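Below: the structure, in structure tokens.
The values are calculated or read from the model by the stated rules, or taken from the named source; none is laboratory data. Quantities reported herein were computed from a predicted structural model and do not represent experimental measurements. Cβ placement follows ideal geometry from the backbone for every residue including glycine, while neighbour counts extend to all protein chains displayed.
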């Protein structure tokens, strides 16, 4: 019987390794798939305890039962899942001031934990989910709920990388660039076109940097010329008017581009070259 095999294996694992409910449950992806990993772990421990109780004459003791059911430090995750609420609160605090519609989480795992789990999986021939995936899912779902924003796996507005295993939680925020096209009109001959456009977009989007491509003769007086801009690590992703008067330069026909649209226009108008 499949369940009996899984419970027997869980029993063998728990005799050697301390695992929290979630870490035990994630080792058995096909066991009761309708349950969460925590629920799987609780059920497997209960079944394992029942089997041990029935095998007391074979050398199992009541201490074995207590070791299985008692909350101890998990050998695979160090009880990190008991800290996810605190992690989420700190992430939300760091995200204050960023504008985004969707996000993606990432987590850094110490190599010793990765190696330890690989050894356990190899020894017991387990094919469960890895620790990184479980942490990212747990934290991501809680952020979904608190922020009311969706996870985006392909092209997120913002990436949240955190290291929860250090004494202090380390967090790195990476925002995806935003792209625009437009036209500029020079009213005064002395203006530096690239610098003026770049400084405006950096200030407006609270960005770290911006790279401007001028398509035409830079500084040509009283002529409308096209431009492209890549805004790097913006904190804001707000709407922008399609016409902006910067005193010496007027920007017009400002249009948000997708990454692919930007690449196509850049390739059509310029030599292939990263900006």
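Residue 89 falls short of the stated requirement of being surrounded by fewer than 18 Cβ atoms within 10 Å (Cβ to Cβ), part of a loop (DSSP other than H, G, I, E, B) and either in contact with a helix residue (DSSP H, G or I) (Cβ under 7 Å, 6 or more places away or on another chain) or without any contact (Cβ under 8 Å) to a residue 24 or more places away in the chain (or both).
When the residues of region 139-163 are narrowed to those that are surrounded by 18 or more Cβ atoms within 10 Å (Cβ to Cβ) and touching a residue at least 60 places away in the same chain (Cβ under 8 Å), which ends up nearest to residue 101 (Cα to Cα)? Among residues in region 139-163 that are surrounded by 18 or more Cβ atoms within 10 Å (Cβ to Cβ) and touching a residue at least 60 places away in the same chain (Cβ under 8 Å), the one nearest to residue 101 (Cα to Cα) is 157.
The numbered conditions (1) without any contact (Cβ under 8 Å) to a residue 40 or more places away in the chain; (2) in a helix (DSSP H, G or I) are all true for residue 113 except (1). In region 258-265, is there at least one residue being over 26 Å from residue 173 (Cα atoms), in a strand (DSSP E or B) and out of contact with any strand residue (DSSP E or B) (no Cβ under 6 Å at 6 or more places or on another chain)? No, every residue in region 258-265 fails to be over 26 Å from residue 173 (Cα atoms), in a strand (DSSP E or B) and out of contact with any strand residue (DSSP E or B) (no Cβ under 6 Å at 6 or more places or on another chain).
Within region 164-218, being under 30 Å from residue 133 (Cα atoms) and surrounded by 15 or more Cβ atoms within 10 Å (Cβ to Cβ) holds for 164, 165, 169, 171, 173, 175, 176, 177, 178. Out of 130, 79, one residue alone is surrounded by 13 or more Cβ atoms within 10 Å (Cβ to Cβ), within 18 Å of residue 27 (Cβ to Cβ), under 17 Å from the mean Cα position of the chain (by Cα) and at pLDDT below 95. It is 130.
Could you please let me know if residue 136 is more than 24 Å from residue 239 (Cα to Cα), without any contact (Cβ under 8 Å) to a residue 40 or more places away in the chain and surrounded by 15 or more Cβ atoms within 10 Å (Cβ to Cβ)? Yes; evaluated as a whole, the condition is true for this residue. Looking across region 1-30 at every residue that is under 26 Å from the mean Cα position of the chain (by Cα) and part of a helix (DSSP H, G or I), the one that is modelled with the lowest pLDDT is identified as 21.
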